[in-house]
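What follows is one structure encoded as structure tokens, with my remarks underneath.
The values are calculated or read from the model by the stated rules, or taken from the named source; none is laboratory data. All values reported here derive from a predicted model rather than from experimental measurement. For neighbour counting, all protein chains shown are included, and Cβ atoms are generated from backbone atoms with ideal geometry for every residue, glycine included. Side chains included, ligands, DNA and RNA excluded: accessible areas come from the protein's heavy atoms. Shrake-Rupley method; radii C 1.70, N 1.55, O 1.52, S 1.80 Å.
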Amino acid sequence: WRMDKHVKAVYLTFDDGPDPIYTGQLLDLLERYEIKATFFTVGSFARSNPELIRRMSAAGHTVGIHSYTHKSAYLMSASGVRRDLDTSVSVLKRLGIHPRFYRPPWGHTTRALISSAKSRGLMPVYWNVMAQDWKRNISSDEIAMRLLKRTSDGSIVCLHDGRGKNHAPGRTIEALEKVLPRWIEEGYCFVRPEEVYGQ
């Protein structure tokens, strides 16, 4: 799940939001650097925080699906998977979003999920760089170090703007405040799924 390795670009993605405390702070940071990202949103959180979803869309970010309740596909029946996708899509459509991309929680994928997503016009997007930013005791410096060490041309980076332990998304934002200027200085640009897979 990489883009062209010869393109100096980072595909910046965020899971598990929107969060009423942290997602707005993250959007402020991305706006400061004029960076577009992709948010794989939990449907129940999107329903509770519609203004954040609208803000993501208005700012030009891509809004995708990350299930309705952050439940593993391994623990759902085929009919449960279909209901989860349909409810998630319905929530976003009521907010003016027509999602085209999804990322299953923990990357757990089943045949039922693949088939149901495909029939609904949803394309999966996984990742190849993670910094374990959801952990309780990881510092913003450690997250920043991992991102700088693990990211290269064409990386798809998975971070989190919601859930996590011990205010983890706040440390993710602190790490990005250190990392984003470095990436920009190194010549990286930031792309979204539409730019990789086409409109």
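The residue list 88, 116 contains one member that is polar (S, T, N, Q), touching a strand residue (DSSP E or B) at 6+ places or on another chain (Cβ under 6 Å) and either crowded, with 16+ Cβ neighbours inside 10 Å or at pLDDT below 95 (or both), which is 88. A Cβ distance below 6 Å, combined with a sequence gap of six or more or placement on separate chains, defines the contacts here; from the stretch 27-40, residues that are more than 13 Å from residue 53 (Cα to Cα) reach residues that are of a type in the set (D, E, K, R) and surrounded by fewer than 21 Cβ atoms within 10 Å (Cβ to Cβ) in the pairs 36/192. List the residue pairs whose Cβ atoms are under 6 Å apart, where the first residue sits in the stretch 64-83 and is closer than 15 Å to residue 161 by Cα, the second is modelled with pLDDT of 95 or more and assigned to a loop (DSSP other than H, G, I, E, B), and the two are 6 or more positions apart or on different chains. What qualifies is 64/99; 65/99; 66/42; 66/103; 70/42. Please work out which residue is least open to solvent (accessible area, probe 1.4 Å), limiting yourself to the stretch 91-113 and to residues that are farther than 15 Å from residue 16 by Cβ and touching a residue at least 60 places away in the same chain (Cβ under 8 Å). Restricting to residues being farther than 15 Å from residue 16 by Cβ and touching a residue at least 60 places away in the same chain (Cβ under 8 Å), the top hit is 101.
Okay, residues lined up against (1) in a helix (DSSP H, G or I); (2) hydroxyl-bearing (Ser, Thr, Tyr); (3) within 21 Å of residue 13 (Cβ to Cβ):
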site: 56; (1), (2), (3): yes, no, yes
site: 68; (1), (2), (3): no, yes, yes
site: 79; (1), (2), (3): yes, yes, no
site: 82; (1), (2), (3): yes, no, no
site: 86; (1), (2), (3): yes, no, no
site: 97; (1), (2), (3): no, no, yes
site: 106; (1), (2), (3): yes, no, yes
site: 112; (1), (2), (3): yes, no, no
site: 118; (1), (2), (3): yes, no, yes
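Selection over the stretch 1-55 of residues that are open to solvent by 10 Å² or more (accessible area, probe 1.4 Å) and either of a type in the set (S, T, N, Q) or at pLDDT 95 or above (or both) gives a count of 23. The criterion of being closer than 30 Å to residue 166 by Cα, among the aliphatic types (A, V, I, L, M), free of Cβ contacts under 8 Å to residues at least 40 places away in the same chain and buried (at least 16 other Cβ atoms within 10 Å of the Cβ) holds for residue 129.
With respect to residue 74, is the statement that it is in contact with a strand residue (DSSP E or B) (Cβ under 8 Å, 6 or more places away or on another chain) and either part of a loop (DSSP other than H, G, I, E, B) or not aliphatic (A, V, I, L, M) (or both) true? For residue 74, the condition - in contact with a strand residue (DSSP E or B) (Cβ under 8 Å, 6 or more places away or on another chain) and either part of a loop (DSSP other than H, G, I, E, B) or not aliphatic (A, V, I, L, M) (or both) - is not met.
For the stretch 150-199, a residue qualifies if it is in contact (Cβ under 8 Å) with a residue 12 or more places away in the chain, part of a loop (DSSP other than H, G, I, E, B), open to solvent by less than 60 Å² (accessible area, probe 1.4 Å) and not acidic (Asp, Glu), and the qualifying residues are 151, 152, 154, 162, 164, 187, 188, 191, 192.
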